[in-house]
1. Is there a residue being under 20 Å from the mean Cα position of the chain (by Cα), under 24 Å from Ile242 (Cβ atoms) and surrounded by 21 or more Cβ atoms within 10 Å (Cβ to Cβ) anywhere in the stretch 270-280?
2. Take Pro152 and tell me if it is out of contact with any Ser or Thr (no Cβ under 7 Å at 6 or more places or on another chain) and open to solvent by 50 Å² or more (accessible area, probe 1.4 Å).
3. From Ile65, Ile103, grab the single residue that is part of a helix (DSSP H, G or I) and closer than 18 Å to Ala29 by Cα.
4. For residues that are among the β-branched types (Val, Ile, Thr) and crowded, with 22+ Cβ neighbours inside 10 Å, scanning just the stretch 19-57, find the one that is nearest to the chain's Cα centre (by Cα).
5. Go through (1) within 22 Å of the chain's Cα centre (by Cα); (2) not in a helix (DSSP H, G or I); (3) not β-branched (Val, Ile, Thr) and name the single condition Phe5 misses.
6. Given the criteria in contact with a helix residue (DSSP H, G or I) (Cβ under 7 Å, 6 or more places away or on another chain), closer than 24 Å to Val64 by Cα and either at pLDDT 90 or above or basic (Lys, Arg) (or both), does Lys351 qualify?
7. Does Val99 count as in contact with a Phe, Trp or Tyr (Cβ under 7 Å, 6 or more places away or on another chain) and of a type in the set (Val, Ile, Thr)?
8. Output the number of residues of the stretch 382-414 satisfying the condition of being open to solvent by 70 Å² or more (accessible area, probe 1.4 Å) and either of a type outside the set (Gly, Ala, Ser) or in contact (Cβ under 8 Å) with a residue 40 or more places away in the chain (or both).
Amino acid sequence: MKQLFRRDYTMVVIGQIISLFGNAILRFALPLYLLRETNSSSLFGAVTACSFIPLVIFSLFGGVIADRKNKRNIMVALDFSTAAVILIFSLALGKISLVPLMIAVLMVLYGISGIYQPAVQASIPFITQREMLMQGNAVINMVSTLAGLLGPIIGGVLFGAFGIMPILFISIFCFLLSAVMEIFIHIPFQKNLDGKSIFQSVRSDLSESLQFVKNEKPIFLSVLWILALFNLILSAAMIVGIPIIVVQILGMSDTALGITQGAMGLGGLAGGIIAGAAAKKIRLKNGYVILILCSLTALLMGISVFETVPKQIGYAIITAASFGAMCVSTMFSVSMMTAVQKQTPPQLLGKIMAVIIAVSSCSQPVGQAVYGVLFDALPEQPYAIMIGTALLAMGVSLYSKRVFAALEKESEAK
């Protein structure tokens, strides 16, 4: 009898709900606390940039580690480690300089996330029936999306009412509870006996992936270039710009920022639903149109901070634009990744995906640091930053038209 919610899978799902919720409120509260305490856009941009680097690096290692080590033990160890890191942070707060402390903690947390999620994803085929695998992955992704939606909203309410400390203690409790639950999960594991270390495996996987791209699919290099530019220009502007605009420029509450970031999570959920429902109608050769729509959301954010626009109206515009940006970017990601999957041999699929995500994201920390400096340098003209961002992103979108048309043509031929 086919059954999805068997014991081990159910415990993984519950553990994910608890762990991802703790992670979501933490990722919302820590950068906001830094921005509130320092009131410096430059520091905010620099710290968020530094924290993102380990996520990019360790995402390459995460898949290899998940294949070579006991997945349950990875999840248990990382949840306990996260709880310990937050406990140390809470004890050190006020005793150590805030900026280096925040950089260290966020780098560790993002690095842990880069290893943790591949372990969860890799465990699903071992604890679900083959016929239920798609449903199993869908539930895990839904849990992640809902955590990204509710975490910032609840985190905003808690931070606005009680400050940072209760959020730290709630997060510690979440990670400890998740770790204890995961101890009792059984995930089949067979030790890898090929004799390679993790570093050797990563080097071998990267080399094999790059050789495939270079020799078989050079069009992927053009795709990587476009994605890297878009992350440098637009994604970085959203990550740094939205908190600065909502909190510093519009002077809204912490709860308001949580609602705006929750709207981004809701946009991602809506984009995924639309992409699934209209899969046959979304053509990758029209991907540049989706990117243009995404670029227009930055233009709306620029309009939201015009002096003639009332602050409440500006807040409504930036929240709606945040929803729209995540919605259309999710639609684009689904169509683009599907085209890549169709053209990649099964034995290279995980490696190619890891390389695409990591390489295309490398530019984002640079953009985050630059935008932090720009918002400090132009405190009276934030609209100029966002409108300039929109224009540059539109230029990249138009440039991508030829590349996506070629990628779709190869996908259909395959």
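1. Yes, the stretch 270-280 contains a residue that is under 20 Å from the mean Cα position of the chain (by Cα), under 24 Å from Ile242 (Cβ atoms) and surrounded by 21 or more Cβ atoms within 10 Å (Cβ to Cβ).
2. Working: out of contact with any Ser or Thr (no Cβ under 7 Å at 6 or more places or on another chain): yes; open to solvent by 50 Å² or more (accessible area, probe 1.4 Å): no.
So Pro152 does not fit the description; no.
3. On the way: Ile65 fails: closer than 18 Å to Ala29 by Cα.
Within the list Ile65, Ile103, the selection yields Ile103.
4. Just the residues of the stretch 19-57 that are among the β-branched types (Val, Ile, Thr), to begin with: 25, 38, 47-48, 53, 56-57.
This time we only want the ones that are crowded, with 22+ Cβ neighbours inside 10 Å, so: 25, 47-48.
Values: Ile25: 14, Val47: 16, Thr48: 13 Å.
Selected residue: Thr48.
5. Phe5 satisfies every listed condition except (1).
6. The answer is yes for Lys351.
7. Values: in contact with a Phe, Trp or Tyr (Cβ under 7 Å, 6 or more places away or on another chain): no; of a type in the set (Val, Ile, Thr): yes.
No.
8. Of the stretch 382-414, the ones open to solvent by 70 Å² or more (accessible area, probe 1.4 Å) are 383, 391-392, 398-399, 401-402, 409, 412-414.
With either of a type outside the set (Gly, Ala, Ser) or in contact (Cβ under 8 Å) with a residue 40 or more places away in the chain (or both) added as a condition, the list becomes 383, 391-392, 398-399, 401-402, 409, 412, 414.
Number satisfying all stated conditions: 10.
The values are calculated or read from the model by the stated rules, or taken from the named source; none is laboratory data. In this text the structure is predicted, and so the values were computed from the model without any measurement. Cβ: placed from backbone, ideal geometry, glycine included. Neighbour counts: every protein chain shown. For accessibility, only protein heavy atoms count, side chains too; no ligands or nucleic acids. Shrake-Rupley method; radii C 1.70, N 1.55, O 1.52, S 1.80 Å.
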